[in-house]
Amino acid sequence: MASYKNAQIIRWAVIITSFIIVALILWNTYDFFQKFKNEERDKMEILAGAYERFGTFDLNADFSLEDKIIGKNNNIPMIITEKDSITLWANLDSVKTKKTTYLKKQLAIMKGQNAPLIVSHKRGNTSQFIYYRDSDLLTKLKYYPVALILILFLFASVIYLFFKSNKVADQNKLWTGMARETAHQIGTPLSSLLGWIEILRLENTDESTVQEIENDVNRLNTIAERFSKIGSIPVLKRHNIVKATRDSFNYLELRSSKQVEFKFETSNFEIFSNINVQLFSWVIENLIKNAIDAMEGKGKIFLSISEDDKQVFIKIIDTGKGIPRNMQHKIFSPGFTTKKRGWGLGLSLAKRIIENYHNGKIAVLKSELKKGTTFLIVLKK
């Protein structure tokens, strides 16, 4: 418990520290942006002064400094207007400036970004307005925080996915170990039960009773084999899917309520595919049990098997309460269940067995509330 609390404290400390670091970076970037913007404003004010000096019409004055100041502005886009008409521009696209609409659009952008600088000409009693927008460097700097946040987000996502995959791998190892240990523990009483069955036969116990006990013991043995295969790659062999499905179907029919009506239909009594019988029958039984639970022990279950040239189609239809549309994409997730008692592993195991081990597909084909659900399994022939 103490280690868990320490881990939580460390986790929150890392999260808070990360937020503080990001906040400091963003604040420093904003501060640098404002200083850089103020510097550009100072440059443009000096430039405005140079233009104002040019307007003195003093032919004997030395304008070399002003000419140098104006010539040095090679990165800040600007437009000079006089009496609402554009008279001069600089650092704009030389091709696009041939179009009046482009200049007007740039002027509108400049008016929105910065206040104009006024150049007064005393002798002519006229004024010019210098409009400018942020330089390309300042514009790029403006989007730097967004790029930084995106990079940090991607980096955090990679770390999260890495730790999540490690956690899932550890959970899978735990479940695999528990499953195999369960299979091992079941093996000992199974051997003993087989011996008791033989004793019952020697004592002339009713054969039908002994046979039913033996069927249930064989059933337990099948369950043990299934658990022992979890975590390992199963061996697939060519089997008659109709027989494998019917065996599981009949077993559950005999042990279910008489209020549940079972119906089995197939287009052919021999349809072959590469399957692992123990794991495949596990899927069929899980789907039928879920159907019985959904009907609360009363209703109809219809299972059909059909085929085409390349695939086998298995449909399991029930008349249960149905699955809400917003939950249909969650039902195959590990741990998801709507039952008061349940681990939420049945359908996730079914999906893993069909899709990962048999290279098939399993999905909810149709489901309506209070009408029932149709599951579809597709396997390659």
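Every number in this text was worked out from the coordinates using simple rules, so none of it is lab data. This structure is a prediction, so every number in the text was calculated from the model and none was measured. All Cβ positions, glycine included, derive from the backbone under ideal geometry; neighbour counts span all protein chains shown.
Got a sec to turn the phi values of region 101-114 into Karplus ³J(HN,Hα) couplings, 6.51 cos²θ - 1.76 cosθ + 1.60 with θ = phi - 60°, whole Hz, x for Gly and Pro?
Per residue, the Karplus-derived 3J(HN,Hα) values read 4, 5, 5, 5, 5, 5, 5, 5, 5, 5, 4, x, 8, 9 Hz.
Using 7 Å Cα-to-Cβ label points, what is the Asp308/Trp89 separation (nm, one decimal)?
Here the answer is 6.2 nm between the modelled labels.
From the cross-link list Lys289/Lys310; Lys263/Lys315; Lys243/Lys315; Lys237/Lys351, which pairs have alpha carbons spaced over 21 Å apart?
With Cα atoms farther than 21 Å apart: Lys289/Lys310.
Points 7 angstrom from Cα along the Cβ direction at Asn74 and Ile151: gap in nanometres?
2.9 nm
Quick one: which residues, 5 or more positions from Lys366 or on another chain, have an amide H under 5 Å from its amide H? H modelled 1.01 Å from N in the peptide plane, none for Pro or chain starts.
For Lys366, the qualifying residues are Thr374.
So if R0 is 56 Å, what FRET efficiency would Ile20 and Ile109 give, r being the distance between their Cβ atoms, rounded to the nearest 0.05?
The formula returns an efficiency of 0.95 here.
Based on the mean of other Cβ atoms within 10 Å per residue, sort peptides 195-208, 307-320 so the most packed one is first.
307-320, 195-208
Which one of Tyr132, Ala108, Leu161 has its Cα pushed farthest toward the positive end of the charge dipole of region 63-165, where Lys and Arg give +1 and Asp and Glu give -1 at the Cβ?
Ala108
Report the calculated FRET efficiency for Phe32 and Thr101 (r = Cβ-Cβ distance, R0 = 25 Å), to the nearest 0.05.
It comes out at approximately 0.10.
How much length would be gained if the chain were fully extended between Arg41 and Val378, taking 0.36 nm per residue of separation minus their Cα-Cα distance, in nm to one decimal?
114.4 nm
Calculated FRET efficiency, Lys371 and Leu254, Cβ-Cβ r, R0 35 Å, to nearest 0.05?
The computed FRET efficiency comes out at 0.80.
How large is ³J(HN,Hα) for each residue in region 358-371, as worked out from phi by the Karplus curve 6.51 cos²θ - 1.76 cosθ + 1.60 (θ = phi - 60°), to whole Hz, x for Gly and Pro?
Result, ordered by residue: 10, 6, x, 9, 9, 7, 7, 6, 7, 8, 10, 4, 6, 10 Hz.
Subtract the Cα-Cα distance of Trp196 and Asn215 from 0.36 nm times their separation in residues, and report this length gain in nm to one decimal.
Fully extending the segment from Trp196 to Asn215 adds 5.5 nm.
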